[in-house]
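S.K.: Provided herewith is a single structure, encoded as structure tokens, for subsequent inquiry.
Nothing in this text is a laboratory measurement; each read-out follows from the coordinates by a stated rule. Since the model is a prediction, treat every value here as computed from it, not as a measurement. Using ideal geometry, Cβ is built from the backbone for each residue, glycine included, and neighbour counts are taken over all protein chains shown.
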Amino acid sequence: MTEARHNHYLIIGNSAGGIGAAEAIRECDKTSPITIVSDEPYPAYSRPLISEYLATKCPLERMLYRPPDFYEKSGIRLLSGRTAVRIDIKDQTAELEDGAEINWDKLLLATGGSPIVPPIDGRKSTGVFTFTTLADARAIDKFIKKGMRAVVIGGGLIGVSVTEALERRGLKVTIVEMKDRILNTILDETASAIAAETLEKNGVKIITNHTVTEINSEFTTDRIHAVTLDDSRGISCEVVIIAIGVRPRTEIASEAGIRVNRGIVVNRTMMTSHPGIYACGDVVEAYDFIHGENRVTPIWPNAYLGGRVAGFNMAGRPTVYAGGTALNSIKYFGMAITSAGVFAPVDSTGEVVTTKNGEVYRKLILKNGRLSGFIFCGDIERSGIIYGLMRDQVNVAGYKQTLIADEFSYISLPEPVWRERLASTFKPQPVEAETVKVEALR
């Protein structure tokens, strides 16, 4: 069946990217219909806060990304708890799981990512969870009890996040990481060691260079009682969290014939290989200004800004995505760490500037005098200034040591630089149509 209402704008996905697009559309187009389809039964919420929900049962109202009346005031029809399963490019329709069809003139795919679950024996046993959505956090919350033992498979951002929440709930946690250190995709060896020491001081056991090969459960109840590692060791537990990572949810795009690599490939307007169809967020390969090429960078700010660029272009305001890059900021067990860009030189022309005093560690990676990455541990207050200098590719060769000094601040920069920093804003800039020169992806 086809719904009677014709939708000019259809957004599949209700997280940061979808909201950013809807807001940008409404800045340009106050009246045309917007429909957002979401497979989650909630209004848009801040996904990073699911660990706080699990740790403290933070109410949904405090997690909302926009006020409860956002959709009504913005003239947006939200179809929550409904999944889009197919799009027809020729007919410009989207089919939902319940059989409904929705027409669109402009479409945004903001489908995000899904958790990676390797084919471990016993992965479907009672007590095994993933941790990427509020539904995951709620399921874990209902299952766990103080004093339980948990094994977290994966020592990345998701794994460390859920580990802290479980520890705060009174569980004993062991992290099993297949690489030689935790947080290895965003930190160097020094910062990883600082993070590991902090976790271990708070009672977390960390096992590296090993994987879980089997999740063992009771035959009669299907409840887990242990995991087996690749060296045949057993670890007793009642809870297992699979936190290996996420992969872009590209199926709906690839099945429709839209160009997909690791993620949906978009150009600098966030348009896919098919005119009128855009994509943003964790599902896309978008421009990375550090690497100078399209990459998957699944972080919240990139999703929102990419969504805004897509929304402007969908509504007829030509806008170019300035690009994003890897940017992570964490604060678990009182440990504050920020990293962005690359954490090691990509070739022999790179330069490293570091300082370390106890748990305070600062590292800059430069190429031709310009920042290509940084890591701040223990004291991250001024990391936002560093990111701005990196984003705008300011040549910092003449004052690079100043950037990692304890007393560093805006005023430490050369006057022309700090005046420009204070006056600048971080948002995509619309450009005139005739100046947009972006290669189509056909």
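S.K.: Cα centroid distance between segment 84-125 and segment 281-334, in Å?
M.R.: 21
S.K.: Check the straight Cα-Cα distances from residue 30 and name the aspartates and glutamates below 20 Å, setting aside those fewer than 8 residues away within the same chain.
M.R.: Those aspartates and glutamates meeting the cut-off are 69, 72, 105.
S.K.: Now a separate question. So if I take the alpha carbon set of segment 218-340, get Rg, then get Rh from the Kirkwood formula, what is the Rg over Rh ratio?
M.R.: 1.16
S.K.: Determine the gain in length on full extension of the stretch residue 202-residue 62; use 0.36 nm per residue of separation and subtract their C-alpha separation, reporting nm with one decimal.
M.R.: The residue 202-residue 62 span can extend by a further 47.7 nm.
S.K.: So between residue 359 and residue 139, what do we pick up on full extension, going 0.36 nm a residue minus the alpha carbon distance?
M.R.: 75.7 nm
S.K.: Oh, and also: Convex hull over the Cα atoms of segment 128-244, averaged projected area in nm²?
M.R.: 7.1
S.K.: Quote to one decimal, in nm, the extra length available between residue 86 and residue 209 on full extension: 0.36 nm per residue of separation minus the C-alpha distance between them.
M.R.: Gain on extension, residue 86 to residue 209, equals 40.2 nm.
S.K.: Extent of segment 110-158 along each principal axis, from alpha carbon coordinates, in Å, largest to smallest?
M.R.: 38, 25, 20
S.K.: Could you work out the pair-distance distribution P(r) of segment 308-432 from its alpha-carbon pairs, with 5 angstrom bin width and percents rounded to whole numbers?
M.R.: 2, 10, 19, 19, 18, 13, 9, 6, 3, 1, 0
S.K.: Now, a different point. Spin-label point model (7 Å from Cα, Cβ direction): what's the residue 30 to residue 293 distance in nm?
M.R.: 4.6
S.K.: Loop only by DSSP, 11 or fewer other Cβ within 10 Å of the Cβ. Give me the trypsin sites (Lys or Arg not before Pro) in segment 11-105 that pass, ordered by residue number. Spell out each step's value before the answer.
M.R.: Values: sites: 26, 30, 57, 62, 73, 77, 82, 86, 90; in loops: 30, 57, 82, 90.
Hits after loop and neighbour filter: 30, 57, 90.
S.K.: For residue 367, which lysines qualify as cross-link partners when the Cα separation must be under 16 Å and same-chain residues fewer than eight apart are set aside?
M.R.: Leaving aside lysines fewer than 8 places away in the same chain, those within reach of residue 367 are 400.
S.K.: Suppose the Debye formula is applied to equal point scatterers at every Cα of the chain; what is log10 I(q)/I(0) at q = 0.09, 0.14 Å⁻¹?
M.R.: -0.64, -1.37
S.K.: If you don't mind, there's one more thing I want to ask. Can you find, among 14, 335, 79, the residue sitting farthest towards the positive end of the charge dipole of the chain, where Lys and Arg contribute +1 and Asp and Glu -1 at Cβ?
M.R.: Of the listed residues, the answer is 335.
S.K.: Okay, moving on. Fewest first, what order do 160, 204 take by the number of other Cβ atoms within 10 Å? Show your work: numbers first, answer last.
M.R.: Details: 160 27, 204 23.
Least to most surrounded, the residues fall as 204, 160.
S.K.: Could you list the GluC sites (Glu not before Pro) in segment 36-104 that lie in coil according to DSSP, counting only those with at most 16 other Cβ atoms within 10 Å of their Cβ?
M.R.: Numbers: sites: 52, 61, 72, 95, 97, 101; in loops: 97.
Qualifying residues, ordered by number: 97.
S.K.: What are the chymotrypsin sites (Phe, Trp or Tyr not before Pro) within segment 210-298 that DSSP puts in a loop, where the Cβ has at most 16 other Cβ atoms within 10 Å?
M.R.: On the way: sites: 219, 278, 287, 289; in loops: 219, 289.
In loop regions of segment 210-298 (DSSP not H, G, I, E or B), the sparsely surrounded chymotrypsin sites (Phe, Trp or Tyr not before Pro) are 219.
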